[in-house]
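> What follows is a single structure, and I will ask about it in a moment.
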Amino acid sequence: MSVVWYLAVAAGSFRRYATYRVATVAGVFTNTVFGFIVAFTYLALWHERPHLGGYDQAQALAFVWTGQALLASTGLMGGGLDELQERIRSGDIAVDLYRPADLQLWWLAADLGRAGLQLIGRGVAPMVVGALAFPLALPGDPLTWGGFLLSVLLGVVVGFALRYLVALASFWLLDGAGLALISGLACMFFSGMVLPLRVFPGALGEVAQLLPWAAVLQVPADVLVGARSGGAVLRGLVFQAAWGGALLALGRLVQAAATRKVVVHGG
């Protein structure tokens, strides 16, 4: 299947999620409200501990609103592949396997389309509100914004690869909802969504910054707020690309094992 077909899948997914206008507006409202709650919490924390984790107050606030802007697009709380899990559970996945398309690439293209809509629909508005309400450390040069967007793209790929592995577990589990919940909680904690990973003490912080979840939010946010610059930006992008490639490769191995023999309704 050519690249054009996968681009069409991504475009179709973008249009599909664009039809859920009420859900998008509700998501913007929720992200904005939580952004204010977390921002005021950070203000109190950074008032007591200035330059905590190497961030000044403006950088910490920018980190908060970056997290809210990327929450839906990178799938920080899971989701996005619920349909795949349901198709595996119901047996409809057998139809997908007969399509003249790679299963992983098909769902990756669909998730990229979803992420694009979520970034525009649920990402821009909370960031704008945050910038109007608080002094955020946002870059003024287009090169940094370009590095940030590239980092976001790689973060979306890593997030997809993690959620794809969770979805594939449904081939062996009767219900993958529990595993998806655990995965979502792990992503929230180890991505930097609760607190920047640089704030974590000692070995915990060092290990957390090496885990794949750090590639989903911590690295893109650090690029945007200026905590990474020069060679550190390139190292961050390589880190994300390495985890993305490794997890996608693992996903293909698990997919091959899962689809070697597919039994649908006992047949």
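The values are calculated or read from the model by the stated rules, or taken from the named source; none is laboratory data. Given the structure is predicted, the values throughout are model-derived calculations rather than measurements. Positions of Cβ are generated from backbone atoms using ideal geometry, with glycine treated the same way; all protein chains shown enter the neighbour counts. These accessible areas exclude ligands, DNA and RNA; they are computed on the full protein's heavy atoms, side chains included. Shrake-Rupley method; radii C 1.70, N 1.55, O 1.52, S 1.80 Å.
Each row is one residue, and each column tells you yes or no for (1) more than 23 Å from residue 178 (Cα to Cα); (2) surrounded by 23 or more Cβ atoms within 10 Å (Cβ to Cβ); (3) of a type in the set (Ser, Thr, Tyr).
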residue	(1), (2), (3)
72	no, yes, no
75	no, yes, no
104	no, no, no
110	yes, yes, no
116	yes, no, no
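> Identify, from the list 36, 14, 63, the residue that is open to solvent by 30 Å² or more (accessible area, probe 1.4 Å), modelled with pLDDT of 95 or more and of a type outside the set (Val, Ile, Thr). First the steps, then the outcome.
Numbers: 14 fails: modelled with pLDDT of 95 or more; 63 fails: open to solvent by 30 Å² or more (accessible area, probe 1.4 Å).
After ruling out the rest, the residue left standing is 36.
> Scan (1) without any contact (Cβ under 8 Å) to a residue 12 or more places away in the chain; (2) of a type in the set (D, E, K, R); (3) outside any loop (DSSP other than H, G, I, E, B) for the single condition residue 228 breaks and write down its number.
(3)
> On the basis of being within 29 Å of residue 6 (Cα to Cα), of a type in the set (A, V, I, L, M) and open to solvent by less than 30 Å² (accessible area, probe 1.4 Å), does residue 152 make the cut? Break it down into steps so the answer makes sense when it comes.
On the way: within 29 Å of residue 6 (Cα to Cα): yes; of a type in the set (A, V, I, L, M): yes; open to solvent by less than 30 Å² (accessible area, probe 1.4 Å): yes.
Yes: the conditions hold for residue 152.
> Name the residue that is modelled with the lowest pLDDT, counting only residues in region 155-192 that are among the hydroxyl-bearing types (Ser, Thr, Tyr) and open to solvent by less than 20 Å² (accessible area, probe 1.4 Å). Break it down stepwise before answering.
As a first pass, look at region 155-192 and keep what is among the hydroxyl-bearing types (Ser, Thr, Tyr): 164, 170, 183, 191.
With open to solvent by less than 20 Å² (accessible area, probe 1.4 Å) added as a condition, the list becomes 164, 170, 191.
On the way: 164: 95, 170: 86, 191: 95.
The residue in question is 170.
> Just one of (1) at pLDDT 95 or above; (2) within 25 Å of residue 155 (Cα to Cα); (3) among the hydroxyl-bearing types (Ser, Thr, Tyr) trips up residue 41, so point out which.
(2)
> Against the condition open to solvent by 50 Å² or more (accessible area, probe 1.4 Å), of a type outside the set (Lys, Arg) and within 14 Å of residue 75 (Cβ to Cβ), how does residue 204 come out, does it pass? Let's see the steps before the verdict.
Numbers: open to solvent by 50 Å² or more (accessible area, probe 1.4 Å): yes; of a type outside the set (Lys, Arg): yes; within 14 Å of residue 75 (Cβ to Cβ): no.
No: the conditions fail for residue 204.
> Would you confirm, using the coordinates I've provided, whether residue 239 is over 16 Å from residue 77 (Cβ atoms), without any contact (Cβ under 8 Å) to a residue 24 or more places away in the chain and buried (at least 17 other Cβ atoms within 10 Å of the Cβ)?
Numbers: over 16 Å from residue 77 (Cβ atoms): yes; without any contact (Cβ under 8 Å) to a residue 24 or more places away in the chain: no; buried (at least 17 other Cβ atoms within 10 Å of the Cβ): yes.
Judged against the criteria, residue 239 is not a match.
> Moving on. Considering region 77-94 alone, what residues qualify as being open to solvent by less than 10 Å² (accessible area, probe 1.4 Å), part of a helix (DSSP H, G or I) and under 26 Å from residue 23 (Cα atoms)?
Filtering region 77-94 down to residues open to solvent by less than 10 Å² (accessible area, probe 1.4 Å) leaves 81, 84, 93.
Add one more test, that the residue is part of a helix (DSSP H, G or I), and what stays is 84, 93.
Once the filter is applied, which keeps residues that are open to solvent by less than 10 Å² (accessible area, probe 1.4 Å), part of a helix (DSSP H, G or I) and under 26 Å from residue 23 (Cα atoms), region 77-94 yields only 84.
> Still on this model: On the given criteria, is residue 42 surrounded by 12 or more Cβ atoms within 10 Å (Cβ to Cβ), part of a helix (DSSP H, G or I) and touching a residue at least 40 places away in the same chain (Cβ under 8 Å)?
Values: surrounded by 12 or more Cβ atoms within 10 Å (Cβ to Cβ): yes; part of a helix (DSSP H, G or I): yes; touching a residue at least 40 places away in the same chain (Cβ under 8 Å): no.
Answer is no for this residue.
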